[in-house]
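> Provided herewith is a single structure, encoded as structure tokens, for subsequent inquiry.
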Amino acid sequence: MRIVTWNINSLRLRLDLLRRLVQEEQPDVICLQEIKVQDSEFPEEELKAMGYPHILRHGMKSYNGVAILSRLPFLAKDPQNWCDKGDSRHGRVVLGGDLDLQNFYVPAGGDIPDPKKNVKFAHKLQFLDEMRGYFETRRSRKRSIMVGDLNIAPLEHDVWSHKQLLDVVSHTPVEVEKLAGIKTAGKWVDAIRHFVPESEKLYSWWSYRSPDWTKNDRGRRLDHVWASPSLAPQAVAHSVLEPCRSWERPSDHVPLIVELDV
């Protein structure tokens, strides 16, 4: 089973890029974040034509939104209403009877890493706290996988400069600590770092502000794939599709692929 996670940064704007991804990689399941389309305008027929008849969508106009596209049947689960905002940041399905798949889009948090001065950062910290509580209390499944844009680059080599980004939102100690708490609460295994040692640089996002992202290579690993301990050994391959960042009118995130031997 090939699973893709991708912050597409507007599904309708980048529908052709998604079509290209499908043609080149042939994933079985696609988890999208920041689809930026309300459900009434969701391009369902186009996605079914790409070979994905099973679709879960939680959209909203202009902002946020997640979707799960699958070639395989699934049982859809109700999403959480995180922080009582109803802002469409979570989707959950069960594949094959027992494979629990969750797709998250964590708030970015704005530019100022101070919850007293920045309501967006306060929202992000609250969202992370609720995620930890969710995974502490929910009934665990033996085979679980969580993917998405978590908007945090936790490790030293998940960013281009650990020292320079310690006070930059996405790599601050408070965010990293809260993400570690979520990982512990869910007993998650970092499936991408399962393949790439923590001592190696690994990014999934490059800012639009950089005139030449390949030359500067000032990236961050904001996108993640986590697996339960029983499922992690079944992860047999991965890809970080950096060439997608150079496609015409690209997202600032690139897709990640994990292949499971299930």
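The values are calculated or read from the model by the stated rules, or taken from the named source; none is laboratory data. Quantities reported herein were computed from a predicted structural model and do not represent experimental measurements. Note that each Cβ is placed from the backbone with ideal geometry, even for glycine, and that neighbours are counted across all protein chains shown. Accessible surface is based on the protein model in full, side chains and every heavy atom, while ligands, DNA and RNA are left aside. Shrake-Rupley method; radii C 1.70, N 1.55, O 1.52, S 1.80 Å.
> Test each condition in (1) open to solvent by less than 50 Å² (accessible area, probe 1.4 Å); (2) touching a Lys or Arg at 6+ places or on another chain (Cβ under 8 Å); (3) not basic (Lys, Arg) for Pro79 and report the one that comes out false.
Pro79 satisfies every listed condition except (1).
> With the structure loaded, tell me whether Ala185 is over 21 Å from Gln33 (Cα atoms) and small (Gly, Ala, Ser) or whether it fails that test.
yes
> Being at pLDDT 95 or above and within 22 Å of Val66 (Cβ to Cβ) is true for just one of Val196, Val176, Val240. Which residue is that?
Numbers: Val196 fails: within 22 Å of Val66 (Cβ to Cβ); Val176 fails: within 22 Å of Val66 (Cβ to Cβ).
On inspection, the qualifying residue turns out to be Val240.
> Here's a follow-up. State yes or no: is Arg245 open to solvent by 70 Å² or more (accessible area, probe 1.4 Å) and either of a type in the set (Phe, Trp, Tyr) or within 17 Å of Asn7 (Cα to Cα) (or both)?
Working: open to solvent by 70 Å² or more (accessible area, probe 1.4 Å): no; either of a type in the set (Phe, Trp, Tyr) or within 17 Å of Asn7 (Cα to Cα) (or both): yes.
Criteria not met by Arg245.
> Still on this structure, please answer the following. What are the pairs, 6+ residues apart or on separate chains, where a residue within the stretch 28-39 that is open to solvent by less than 10 Å² (accessible area, probe 1.4 Å) has its Cβ under 6 Å from a residue that is among the charged types (D, E, K, R) and not in a strand (DSSP E or B)?
Listed pairs, sorted by first residue: Val37/Arg12.
> Taking the stated definitions as given, is Trp213 out of contact with any Ser or Thr (no Cβ under 7 Å at 6 or more places or on another chain) and either among the β-branched types (Val, Ile, Thr) or farther than 15 Å from Val159 by Cα (or both)?
Working: out of contact with any Ser or Thr (no Cβ under 7 Å at 6 or more places or on another chain): yes; either among the β-branched types (Val, Ile, Thr) or farther than 15 Å from Val159 by Cα (or both): no.
For Trp213, the condition - out of contact with any Ser or Thr (no Cβ under 7 Å at 6 or more places or on another chain) and either among the β-branched types (Val, Ile, Thr) or farther than 15 Å from Val159 by Cα (or both) - is not met.
> Are any of the residues in the stretch 206-227 surrounded by fewer than 18 Cβ atoms within 10 Å (Cβ to Cβ), within 23 Å of Leu99 (Cα to Cα) and out of contact with any Cys (no Cβ under 8 Å at 6 or more places or on another chain)? Talk me through it step by step, then tell me what you get.
Initially, the stretch 206-227 is screened for residues surrounded by fewer than 18 Cβ atoms within 10 Å (Cβ to Cβ), giving 207-212, 214-218.
With within 23 Å of Leu99 (Cα to Cα) added as a condition, the list becomes none.
So far as the stretch 206-227 goes, no, none of its residues is surrounded by fewer than 18 Cβ atoms within 10 Å (Cβ to Cβ), within 23 Å of Leu99 (Cα to Cα) and out of contact with any Cys (no Cβ under 8 Å at 6 or more places or on another chain).
> Related question: Can you name the residue in the stretch 162-174 that is without any contact (Cβ under 8 Å) to a residue 24 or more places away in the chain and assigned to a loop (DSSP other than H, G, I, E, B) and is also surrounded by the fewest Cβ atoms within 10 Å (Cβ to Cβ) among such residues? Step through it out loud before you land on a result.
If we filter the stretch 162-174 for residues that are without any contact (Cβ under 8 Å) to a residue 24 or more places away in the chain, which is where we start, we get 162-164, 166, 173.
Within this subset, residues satisfying the condition of being assigned to a loop (DSSP other than H, G, I, E, B) are 162-164, 166.
On the way: His162: 13, Lys163: 8, Gln164: 11, Leu166: 13.
Residue satisfying both the conditions and the ranking: Lys163.
> Hey, does the stretch 95-117 have a residue that's in a strand (DSSP E or B), of a type in the set (Lys, Arg) and either more than 18 Å from the chain's Cα centre (by Cα) or crowded, with 16+ Cβ neighbours inside 10 Å (or both)?
First, the residues of the stretch 95-117 that are in a strand (DSSP E or B): 95, 99-105.
Those left that are additionally of a type in the set (Lys, Arg): none.
So far as the stretch 95-117 goes, no, none of its residues is in a strand (DSSP E or B), of a type in the set (Lys, Arg) and either more than 18 Å from the chain's Cα centre (by Cα) or crowded, with 16+ Cβ neighbours inside 10 Å (or both).
> Moving on. What pairs come out if I take residues in the stretch 238-260 that are farther than 18 Å from Leu15 by Cα and pair them with residues that are assigned to a loop (DSSP other than H, G, I, E, B) and open to solvent by 40 Å² or more (accessible area, probe 1.4 Å) whose C-beta lies under 6 Å away, six or more apart or interchain?
Every condition considered, the pairs that remain are His238/Phe195; Leu260/Met1.
> Let me ask something additional. Inside the stretch 127-153, can you point out the residues that are part of a strand (DSSP E or B) and under 19 Å from Gln33 (Cβ atoms)? Don't jump to the end; show me each part of the working.
To start, the set of residues in the stretch 127-153 that are part of a strand (DSSP E or B) comprises 143-149.
Within the stretch 127-153, Ser144, Ile145, Met146, Val147, Gly148, Asp149 meet the criteria.
> Now for a separate question. Quick check: anything in the stretch 177-200 out of contact with any Gly (no Cβ under 6 Å at 6 or more places or on another chain), among the aliphatic types (A, V, I, L, M), under 19 Å from His162 (Cβ atoms) and surrounded by fewer than 17 Cβ atoms within 10 Å (Cβ to Cβ)?
Let us first name the residues in the stretch 177-200 that are out of contact with any Gly (no Cβ under 6 Å at 6 or more places or on another chain), namely 177-200.
Still in the list and also among the aliphatic types (A, V, I, L, M): 179-180, 182, 185, 189, 191-192, 196.
Now narrow it down to the ones that are under 19 Å from His162 (Cβ atoms): 179-180, 192, 196.
Filter once more, keeping what is surrounded by fewer than 17 Cβ atoms within 10 Å (Cβ to Cβ): 180, 196.
Within the stretch 177-200 (the criterion being out of contact with any Gly (no Cβ under 6 Å at 6 or more places or on another chain), among the aliphatic types (A, V, I, L, M), under 19 Å from His162 (Cβ atoms) and surrounded by fewer than 17 Cβ atoms within 10 Å (Cβ to Cβ)), the answer is yes, since at least one residue qualifies.
> Let me ask you something else. Would you mention how many residues in the stretch 228-242 are outside any strand (DSSP E or B), open to solvent by 40 Å² or more (accessible area, probe 1.4 Å) and within 30 Å of Glu136 (Cα to Cα)?
If we filter the stretch 228-242 for residues that are outside any strand (DSSP E or B), which is where we start, we get 228-234, 241-242.
Within this subset, residues satisfying the condition of being open to solvent by 40 Å² or more (accessible area, probe 1.4 Å) are 229-230, 233-234, 242.
Filter once more, keeping what is within 30 Å of Glu136 (Cα to Cα): 229-230, 233-234.
Looking only at that region, the number is 4.
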